[in-house]
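Enquirer: One structure coming up, written as structure tokens, with questions to follow.
The values are calculated or read from the model by the stated rules, or taken from the named source; none is laboratory data. Everything numeric in this text was worked out from a predicted model, so none of it was measured. Here Cβ is always computed from backbone atoms with ideal geometry, including for glycine, and neighbour counts include all displayed protein chains.
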Amino acid sequence: MPDAKNPPIDSSKSEPYWRLKTLEEMTTSEWEALCDGCARCCLNKLEDWDTGQIVWTNVACQLLDDASCRCSDYPNRTQNVPDCIQLTPEEVRTLTWLPATCAYRLVREGQDLYWWHPLVSGDPDTVHQAGVSVRGRTVSEAGIEIEDYEDHVVNWPMQVPRKARRKKVP
């Protein structure tokens, strides 16, 4: 909620804040708004202990609402899911598995946001329309044994969908 420490996002500036500020300079409101709502980071990943290679699964966190692509208990997620990684500027700078479409990664790399990002399009549904979100593509980790995650390996989370690469709304 906006307050003196975290004022509302000022959209009257000529350049959007993500082009002007580093990840560390963003207010809490700006940081949270930078999330595009794709929920790709909510997918379980498997790491090969010998090589460090990470593969993605379509097995989603038990708290993910597949329809909205939002956490069903966001304020308490780290208490309810101990291995939930809370993204911070420090984490974003070190994580190698952030998808190529992730706004945190894009800003870290000095790139601009895609047309479908809600901060650009003004519409939270464009992330779904562009095929970037996990909507309708996941299974919940609830009831799936970790040994069975290998049966759910997918490669699409690290890809940029064709529709998402277009310069403007299709």
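Enquirer: Return the residues of region 115-170 that are in contact with a Phe, Trp or Tyr (Cβ under 6 Å, 6 or more places away or on another chain) and of a type in the set (Val, Ile, Thr); say none if nothing qualifies.
Expert: THR126, VAL127, VAL154
Enquirer: Now for a different question. In this structure, does GLU109 turn out to be under 29 Å from ARG162 (Cβ atoms), in contact with a strand residue (DSSP E or B) (Cβ under 7 Å, 6 or more places away or on another chain), without any contact (Cβ under 8 Å) to a residue 24 or more places away in the chain and surrounded by fewer than 16 Cβ atoms within 10 Å (Cβ to Cβ)?
Expert: Criteria not met by GLU109.
Enquirer: Would you point out the residue of region 44-100, among those that are charged (D, E, K, R) and touching a Lys or Arg at 6+ places or on another chain (Cβ under 8 Å), that is farthest from GLN129 (Cα to Cα)?
Expert: ARG93
Enquirer: Okay, next question. When residues of region 69-83 are filtered for being under 16 Å from CYS38 (Cα atoms), part of a loop (DSSP other than H, G, I, E, B), touching a helix residue (DSSP H, G or I) at 6+ places or on another chain (Cβ under 9 Å) and without any contact (Cβ under 8 Å) to a residue 60 or more places away in the chain, how many remain?
Expert: So the answer is 0.
Enquirer: Would you call ASP48 of a type in the set (Asp, Glu) and in contact (Cβ under 8 Å) with a residue 24 or more places away in the chain? Lay out the reasoning, then the answer.
Expert: Numbers: of a type in the set (Asp, Glu): yes; in contact (Cβ under 8 Å) with a residue 24 or more places away in the chain: no.
No: the conditions fail for ASP48.
Enquirer: Is it the case, given these coordinates, that THR96 is modelled with pLDDT under 95 and outside any helix (DSSP H, G or I)?
Expert: The answer is yes for THR96.
Enquirer: Of all residues being within 13 Å of the chain's Cα centre (by Cα) and part of a loop (DSSP other than H, G, I, E, B) in region 125-138, which is surrounded by the most Cβ atoms within 10 Å (Cβ to Cβ)? Just the residue, please.
Expert: Here the answer is VAL132.
Enquirer: Tell me which of these LEU119 doesn't satisfy, since it passes every other one: (1) in a helix (DSSP H, G or I); (2) hydrophobic (A, V, I, L, M, F, W, C); (3) touching a Cys at 6+ places or on another chain (Cβ under 6 Å).
Expert: That leaves (3) as the condition not met.
Enquirer: Report whether or not ARG19 is in a helix (DSSP H, G or I), within 15 Å of the chain's Cα centre (by Cα) and basic (Lys, Arg).
Expert: It is false that ARG19 is in a helix (DSSP H, G or I), within 15 Å of the chain's Cα centre (by Cα) and basic (Lys, Arg).
Enquirer: Can you name every residue in region 1-32 that is of a type in the set (D, E, K, R), modelled with pLDDT of 95 or more and surrounded by fewer than 12 Cβ atoms within 10 Å (Cβ to Cβ)? Walk me through it before giving the result.
Expert: Restricting attention to region 1-32, the residues satisfying the condition of being of a type in the set (D, E, K, R) are 3, 5, 10, 13, 15, 19, 21, 24-25, 30, 32.
Right, trim to modelled with pLDDT of 95 or more and you get 19, 21, 24-25, 30, 32.
Within region 1-32, GLU24, GLU25 qualify.
Enquirer: Same structure, new question: Could you give every pair whose Cβ atoms fall below 7 Å, whose first residue belongs to region 149-163 and is surrounded by 14 or more Cβ atoms within 10 Å (Cβ to Cβ) and outside any loop (DSSP other than H, G, I, E, B), and whose second residue is at pLDDT below 95 and aliphatic (A, V, I, L, M), counting only separations of at least 6 or pairs across chains?
Expert: Pairs found: MET158/ALA100.
Enquirer: Another question about this same structure. Among the numbered criteria (1) out of contact with any helix residue (DSSP H, G or I) (no Cβ under 8 Å at 6 or more places or on another chain); (2) modelled with pLDDT of 95 or more; (3) surrounded by 16 or more Cβ atoms within 10 Å (Cβ to Cβ), which one does GLU90 miss?
Expert: Evaluating GLU90 over (1) out of contact with any helix residue (DSSP H, G or I) (no Cβ under 8 Å at 6 or more places or on another chain); (2) modelled with pLDDT of 95 or more; (3) surrounded by 16 or more Cβ atoms within 10 Å (Cβ to Cβ) leaves (3) as the failure.
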